[in-house]
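Step one of this worksheet: look at the structure below.
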Amino acid sequence: MRLSAFKLRALSLASMAGVLLVACGSSSGQSQNLASDQTLKFPYFQEFGTLDPGILDAEVDSEIAQNIFNGLTRFDNNLTIQPDIATDVPTASNGGVSADGLTYTFHLRKDVTFSNGDKVTSKDVLYSWNRAAALQGPYASNLGAITGFSAVAKATKALGLKPKKPGATATAAEQQAFVDASKNFQTQVETKLAANDPKFAMSGLTAPDDYTVVAKLDSPAGWFLSAITLESTTGMVVDQKVIQTNARDWWTKPETLIGTGAFKMTAHTAKQSADFAPVANWWGSPKPVLTKIHMDIHDPSSQSTDIAAWEQGQYDLVGYGGNSQLPKADILRIQKDPTEKNYLTLQPKVRTTWVTFNVNSSHAAKGPFTDQSGTASTLTINGDAQGINLAATSGNAHDLRLAFALAVDKDKLANVVCANVTCSPAKGGLITKGLLGYWGDDKDPLGKFDASQAKTLLQKADPNGTLVKGLKYSYNTGAPNDDVATFLQDQWQTNLGVKVDLDPHPDASAFISDRLGGKYVMSRDGWQADYNNPQDWYDNLWGAQAETSTSNSSGYDSKTYDATLAKADALPLDQALPEYQKLQQELSDNVVYIPLYYSVGQFLFKPYLKGAGSNNFFDHYWNEISILQH
Amino acid sequence: MLTRGTLAYIGQRLVLIAFTVVAVSSLVFIGIHQLPGNAFISERVRGDRLELVLHEYGLDRPLLEQYQEWATNAFLHGDLGQSFVNRGLDITPLVLRELTVSAEVGGTALLITIGLGMLLGVVAAIKQNTWIDYLLTTTSVIGYSMPSFVLASFLLLFFAVFLASATGGAFYYPLHWSGTYGDPIQLSIPAFALGFPYASIVARLTRASMLEVIRQDYIRTARAKGLRERVVIIRHGLRNALIPVTTILGPLVIGIITGSVVIESIFTIPGLGKEFVGSILRHDYNITIGVFTMYALMVGVANLVVDISYTAIDPRIRY
């Protein structure tokens, strides 16, 4: 049978349609793999402290807020800065950063809207950042490099927040003013912002047009981009129209918790549950697949029960929401289960724990470790020359600190205290592995264990044992701090023959306050990085700047440290890294700390979850997750 | 029926309860503000920033001023303030909701305490010195020897973990308290864990009381009249045996209320008990005071209800 030209064309078209159908079939096949119910359920172990980016402080809140708010830039899952509301990440090469490093120009996307439909323009960015500066919340200093930040901070103080306290001579009006100022702080800030009061606008922050933001800095700051990128905090964009309706508590209600993120809150019963849903026609990508997020809000004491509920299939995952430190016994049990162990993810996180020595004789604690400087020499540890300069003591204090550091077996600590699951030995420097500024595996001489060397150093520094008599190790109680303290006590007793008394503090806030106030001779210390930049560590914990802001527990400071830090902070990140490395070297040389362990997060994911996970800093965004058929 | 004397008694007790609630909350307010540390201090909230926050919450004012404001709001307006840790969280609706959850669990536990305790006690008494008596007596001894949190852990392990594992996930106790109130299945295990130790006490007491009562002349008379044994036991024996049991209901109710602190945490029940310890550890003073106030109210009202119930059970008691 012969086919007519028409039939042939028809056949060709049919064949092409068939090919297209097959091609389409593959994508529709993928969607068929998705479960019909795209509700993600997980327990969350703390009620929201606040979801207001201007004052947000806790990781547990940040993990939620990162799905509701966006900044101009964002960290991707590899911790690289990517454009978010901005079209590009400003660099010197694309003209976004001026040659002198003082001016950053951000071009905004024109399709960004809040979840209530309001369009996002440069005015929203200016409002958000000025508001965050005025509120002077925990992360306000992330904007501290912008010209005019200090002036806004001063204006905040002058707002009547610190009036003369009413005493016996205060008039009734003065007393009332004091009480009002107590209650209406955020409302007052909002009023000033609404009135465009120049005292509450950073002079270096301008908007040449609706979609361009220019930030001028006081001095070059290579860390500026990292700081404003920190998810959920002061760099995020918020909606002035909504906040004006309830300056203090706008974020507590689903109808006024408005952001630019992929998800919005739909229901919230405090200390019970919260629900979130995707924002329709969200501007970003990837588009959300989940149709609902349901969180049961419990507390840390419920973790074991919630893990059992996860095993029953009541939850899809456990560990999200900044709660990845799960009970060790449960994790070890799951590791032994041939099926469940496949669903366990151990993810190195960003907290390092160490012992801090008080090395500053002007600190209240005094003690035998208060001598931080010395001349450089080479020390042989475990019979191997490290090739690293360790400062020799000008007195006994340095040797004493080194003796205590080398007497601790960090591998054994991770095994005994963490069962090599909840932490890993800190032998590669202060900054955790996976972050910029990590020194390198086994690079830190203080991470070594050498009992005989430790004993020799102790004999040299304190032959009569008078210096170490009555020595105390101070720490805040709770897991794993109690176990760590007992372990350290045993190590110093066994390897040095020194009896160190334990000084437990049940109240963590009082302990932190006293530690930062330099009241302990030797104490538990640590840092959880805020963003992927070494500046976050070296600015906040050591040196003159930290000492001024009373966050320098050890009291360590030197001219070299301050000069190197100032130089590093001003440089672009790639050039700054070698300088920050010098700071690590200096702190190690002078034995300011005993490295203990790096934290490891534990997550339980059902196998049907696609895209769920966590990096060193934060959980994967909800819009990356989908639920497969199961 | 409520007589004038009973109403006057109730009125007196209500005044006493009000006084107790005010005294307890005031003492807690003063006491808890003496604790070291506060809810706000962290590595990033110190110095000027801490001062700002303390000022915002009025915590830098003299304690007496703070108390005056708190007491005015609490006792005149029923406003217990806001949480320090969870900003913007009003405490009064929170603790009232949690109170109803705890009441639901506690009420179920109380039913188990009374119902199961009496049943075991009566059966043990009428089957005295049989294997049933020995079994029930032994069970009761185990019950009141075992703290509720230990029992809760065993029950949780068995019904939620082992049963799920043994049946391949077909049957198990669901460890998922979703929403405010639990369904009967969700309530069953925690309420049993909370109530069973007290049910054991009630069983022991009921058994002893029943053994004494069923030897009384009027029971013999009832039997001689040809009444059925069930009627003799329930109508004539049990009602009189209940009088000593009723007298311990007050302490039992308080035990159940305080026991809920642990049980709610183990079963992740969003009640007042779970709030109790957490708020102290978090320095969330306003919540701690609110929870204490609610507990004082609960204990006072529960004791009053128990005292009133005496008159219903024993007509000889009059107020």
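Residue under question is B:GLN68, and the condition is that it be polar (S, T, N, Q) and in contact with a helix residue (DSSP H, G or I) (Cβ under 9 Å, 6 or more places away or on another chain); does it hold? No; evaluated as a whole, the condition is false for this residue. Among the numbered conditions (1) in contact with a helix residue (DSSP H, G or I) (Cβ under 6 Å, 6 or more places away or on another chain); (2) away from chain A (no Cβ under 12 Å); (3) in contact (Cβ under 8 Å) with a residue 40 or more places away in the chain; (4) not aliphatic (A, V, I, L, M), tell me where B:LYS127 comes up short. All conditions pass for B:LYS127, except number (3). The set of residues in segment B:258-271 being of a type in the set (Val, Ile, Thr), out of contact with any Leu (no Cβ under 8 Å at 6 or more places or on another chain) and farther than 14 Å from B:PRO197 by Cβ consists of B:VAL261, B:ILE269. Listed here are the helices (runs of 4 or more DSSP H) enclosed by segment B:81-164 that have at least 2 residues being β-branched (Val, Ile, Thr) and at pLDDT 90 or above: B:91-126, B:131-145. Looking at B:ALA74, B:ALA8, just one residue is surrounded by fewer than 19 Cβ atoms within 10 Å (Cβ to Cβ), touching a residue at least 12 places away in the same chain (Cβ under 8 Å) and more than 13 Å from every other protein chain (Cβ to nearest Cβ), and that residue is B:ALA8.
Residues checked against (1) surrounded by fewer than 18 Cβ atoms within 10 Å (Cβ to Cβ); (2) more than 7 Å from chain A (Cβ to nearest Cβ); (3) of a type in the set (Ser, Thr, Tyr):
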residue	(1), (2), (3)
B:LEU14	yes, yes, no
B:PHE19	yes, yes, no
B:SER25	no, yes, yes
B:PHE29	no, yes, no
B:PHE40	no, yes, no
B:GLY47	yes, no, no
B:LEU63	yes, yes, no
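For segment B:260-292, the tally of residues that are over 20 Å from A:GLN272 (Cβ atoms) and crowded, with 24+ Cβ neighbours inside 10 Å stands at 2. A:ASP52 meets each of the listed conditions (1) part of a loop (DSSP other than H, G, I, E, B); (2) among the acidic types (Asp, Glu); (3) touching an Asp or Glu at 6+ places or on another chain (Cβ under 8 Å) apart from (3). How many residues does segment A:305-326 hold that are within 13 Å of another protein chain (Cβ to nearest Cβ) and of a type outside the set (A, V, I, L, M)? Of the residues in that region, 9 qualify. Scan segment B:184-221 for residues that are surrounded by fewer than 17 Cβ atoms within 10 Å (Cβ to Cβ) and within 14 Å of chain A (Cβ to nearest Cβ) and the total you get is 1. Looking across segment A:451-488, the residues that are of a type in the set (S, T, N, Q) and more than 23 Å from A:GLN325 (Cβ to Cβ) come down to A:SER452, A:GLN453, A:THR456, A:GLN459, A:ASN464, A:THR466. Checked against (1) within 30 Å of A:ASN420 (Cα to Cα); (2) crowded, with 19+ Cβ neighbours inside 10 Å; (3) modelled with pLDDT of 90 or more, A:ASP539 passes all but condition (1). Within segment B:130-173, the residues that satisfy the criterion of being of a type in the set (A, V, I, L, M, F, W, C), buried (at least 18 other Cβ atoms within 10 Å of the Cβ) and touching a residue at least 40 places away in the same chain (Cβ under 8 Å) are B:LEU136, B:LEU151, B:ALA152, B:LEU156.
When you look at A:PRO572, is it free of Cβ contacts under 8 Å to residues at least 12 places away in the same chain, surrounded by fewer than 21 Cβ atoms within 10 Å (Cβ to Cβ) and closer than 25 Å to A:THR91 by Cα, yes or no? So A:PRO572 does not fit the description; no.
Contact map, segment A:309-335: residues that are at positive phi paired with residues that are in a helix (DSSP H, G or I) and acidic (Asp, Glu), Cβ distance under 6 Å, separation 6+ or inter-chain. Pairs shown: A:GLY321/A:GLU63; A:GLY322/A:GLU59; A:GLY322/A:GLU63.
Looking across segment A:411-422 at every residue that is part of a loop (DSSP other than H, G, I, E, B) and either in contact (Cβ under 8 Å) with a residue 12 or more places away in the chain or of a type in the set (Asp, Glu) (or both), the one that is surrounded by the fewest Cβ atoms within 10 Å (Cβ to Cβ) is identified as A:ALA419. Does B:PHE171 satisfy being within 14 Å of another protein chain (Cβ to nearest Cβ), under 30 Å from A:LYS41 (Cβ atoms) and outside any helix (DSSP H, G or I)? Yes; evaluated as a whole, the condition is true for this residue. Look at (1) in a loop (DSSP other than H, G, I, E, B); (2) more than 9 Å from chain A (Cβ to nearest Cβ); (3) farther than 30 Å from A:ASP525 by Cα and you find that B:GLN34 fails only one, number (3). Just so you know, in segment A:226-251 the residues that are more than 23 Å from the chain's Cα centre (by Cα) and not in a loop (DSSP other than H, G, I, E, B) include one that is surrounded by the most Cβ atoms within 10 Å (Cβ to Cβ), and it is A:ILE243. Inspection of segment A:203-218 finds no residue satisfying the criterion of being buried (at least 16 other Cβ atoms within 10 Å of the Cβ), assigned to a helix (DSSP H, G or I) and at pLDDT 95 or above. At pLDDT 95 or above, buried (at least 21 other Cβ atoms within 10 Å of the Cβ) and within 14 Å of chain B (Cβ to nearest Cβ): does that describe A:VAL279? It is false that A:VAL279 is at pLDDT 95 or above, buried (at least 21 other Cβ atoms within 10 Å of the Cβ) and within 14 Å of chain B (Cβ to nearest Cβ). Counting residues in segment A:108-124 that are within 14 Å of chain B (Cβ to nearest Cβ), assigned to a helix (DSSP H, G or I) and at pLDDT 95 or above gives zero. Taken together, the criteria exclude B:VAL231 from residues that are within 28 Å of B:TYR173 (Cβ to Cβ), among the hydrophobic types (A, V, I, L, M, F, W, C) and either free of Cβ contacts under 8 Å to residues at least 12 places away in the same chain or in contact with a Phe, Trp or Tyr (Cβ under 9 Å, 6 or more places away or on another chain) (or both). Among the conditions (1) within 7 Å of another protein chain (Cβ to nearest Cβ); (2) buried (at least 20 other Cβ atoms within 10 Å of the Cβ); (3) in contact with a helix residue (DSSP H, G or I) (Cβ under 8 Å, 6 or more places away or on another chain), the only one that B:GLY88 does not satisfy is (2).
Determine if segment A:476-484 includes at least one residue that is modelled with pLDDT of 95 or more and among the charged types (D, E, K, R). Yes, segment A:476-484 contains a residue that is modelled with pLDDT of 95 or more and among the charged types (D, E, K, R). Of the residues in segment A:299-320, at least one is in contact with a Gly (Cβ under 8 Å, 6 or more places away or on another chain), over 21 Å from A:GLU59 (Cα atoms) and not in a loop (DSSP other than H, G, I, E, B). Here A:VAL521 meets each of (1) within 30 Å of B:ILE32 (Cα to Cα); (2) out of contact with any Ser or Thr (no Cβ under 8 Å at 6 or more places or on another chain) with one exception, condition (2). Count of segment A:262-276 residues, restricted to those that are polar (S, T, N, Q) and at pLDDT 95 or above, is 1.
The values are calculated or read from the model by the stated rules, or taken from the named source; none is laboratory data. Computed from a prediction, not measured in an experiment: that's the story for all the values here. Please note: Cβ atoms are built from the backbone with ideal geometry, for glycine as well, and neighbour counts cover all protein chains shown.
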